[in-house]
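Read the structure below first, then the notes.
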Amino acid sequence: MAAEMNYASIDIGSNTFRLLIAEPSDGPLPWQRIDYAHRITRLGEGLHHTGRLSEAGMDRALANFSEFAGLLSKHNIPAERTFAAATAAMREAENGQAFAERVKAETGIDIRIISGVDEARMSLNGACSVLNNATQEDMMLFDIGGGSTEFIRARNQNRIDDISRKLGVVRLVEAHLHSDPPSEHDYEALKATANDHLQRVEAHWPDHRAPKHLVGTAGTVTTLAAAALDLFPYDAETINNYRMSRAAFITLRDRLLAMTHEQRQQIRTIEPGRADLIIAGLAIVDAVMQRWSYEELITVDAGLLEGLWLHIASKI
């Protein structure tokens, strides 16, 4: 009977794949984790230039999906209790749907390609499940991915509005990062592109008002928080509700920008595959804090993956 209470969610991002297997809980969190896995896959590599998923990216993804299928089988999680959701890379690629069909045929994992709006809403649900109540009173959640970033304004867990922009770290790196260490010109190009998107985000808000609290989720923000804390091994509970001041962010930004790719990769809190992407992430966070005069960034580990799980487990 215990296995019949377990549900699984899979967040299929442009850069990272994550799997959560959990059972419903009445404890502090609405889930009790049974198993978890994540892999940096870079499915969206090259998409910015070709409009298609690359053969290399699909091969890496299929290897990861095979691993995930093994974990689902190990824990006896059937398709009807699994929510596998693909985001920007498969959403935009002209061969995205064909690849989803191939994954189902080869691994049994049934992928749903979700819209940017659904991605934003489920990210909010996941984040709110662990955020302090005071933060939730008036907040903007932003979720930086490999191919897109979602911006969600909310009050007391209620969504005001959301918007998804094609502002992702894989896309930015491929377009603008050409030097090592990053040159001032490259970094300013990254920020300028981010600011162009932020202008569109603000124009989307009828009142043009930035909420009181800035909350960040997903790999860029959690990696920056772990680096600031020198948190190794990684611990989600320490990341949840951690407050990084603007001054602390600037110190970390300047330290990372002065390093080569190889030096950044030697930092134990930056997992393999993120050493270049973290530069684009810095530019996005920098632009957000600067544009709307935020003096601190609140970090949260929970986001889309947990929101997908809450949906499939009918906890929301």
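The values are calculated or read from the model by the stated rules, or taken from the named source; none is laboratory data. As the structure is a prediction and not an experimental result, all values here were calculated from the model. For neighbour counting, all protein chains shown are included, and Cβ atoms are generated from backbone atoms with ideal geometry for every residue, glycine included. Surface areas here come from the heavy atoms of the whole protein model, side chains and all, with no ligands, DNA or RNA. Shrake-Rupley method; radii C 1.70, N 1.55, O 1.52, S 1.80 Å.
Observations, loosely collected:
- Filtering the range 108-120 to residues that are buried (at least 20 other Cβ atoms within 10 Å of the Cβ) and of a type in the set (S, T, N, Q) leaves nothing.
- Filtered residue count, the range 92-132, keeping only those that are basic (Lys, Arg), under 18 Å from PHE65 (Cα atoms) and in a helix (DSSP H, G or I): 2
- Some residue of the range 61-74 being part of a loop (DSSP other than H, G, I, E, B) and either out of contact with any Gly (no Cβ under 9 Å at 6 or more places or on another chain) or surrounded by 18 or more Cβ atoms within 10 Å (Cβ to Cβ) (or both): no
- Test: residue in the range 137-158 that is in a strand (DSSP E or B), open to solvent by 10 Å² or more (accessible area, probe 1.4 Å) and over 20 Å from VAL221 (Cβ atoms): yes
- Among residues of the range 177-221 being in contact with a helix residue (DSSP H, G or I) (Cβ under 8 Å, 6 or more places away or on another chain) and β-branched (Val, Ile, Thr), the one that is nearest to GLU296 (Cα to Cα) is VAL215.
- Here the range 271-305 is the region considered, the condition is being open to solvent by 10 Å² or more (accessible area, probe 1.4 Å) and within 15 Å of the chain's Cα centre (by Cα), and the residue that is farthest from TYR187 (Cα to Cα) is ASP301.
- Scan of the range 221-244 for residues that are in contact (Cβ under 8 Å) with a residue 12 or more places away in the chain, open to solvent by 40 Å² or more (accessible area, probe 1.4 Å) and over 18 Å from THR135 (Cα atoms), ordered by number: ALA228, LEU229, ASP230, PHE232, TYR234
- For ARG42, the criteria (1) open to solvent by less than 80 Å² (accessible area, probe 1.4 Å); (2) part of a strand (DSSP E or B) hold in every case but one, which is (2).
- Residues of the range 21-54 that are polar (S, T, N, Q) and more than 21 Å from LEU305 (Cα to Cα): THR50, SER54.
- Pairs, first on the phi < 0 side of the Ramachandran plot and open to solvent by 30 Å² or more (accessible area, probe 1.4 Å) in the range 245-270, second among the acidic types (Asp, Glu) and part of a helix (DSSP H, G or I), C-beta under 8 Å, six or more apart: ARG253/ASP286
- Taking the criterion of being in contact with a helix residue (DSSP H, G or I) (Cβ under 7 Å, 6 or more places away or on another chain) and open to solvent by less than 60 Å² (accessible area, probe 1.4 Å), the residues of the range 24-39 that qualify are PRO24, PRO30, TRP31, ASP35, ALA37.
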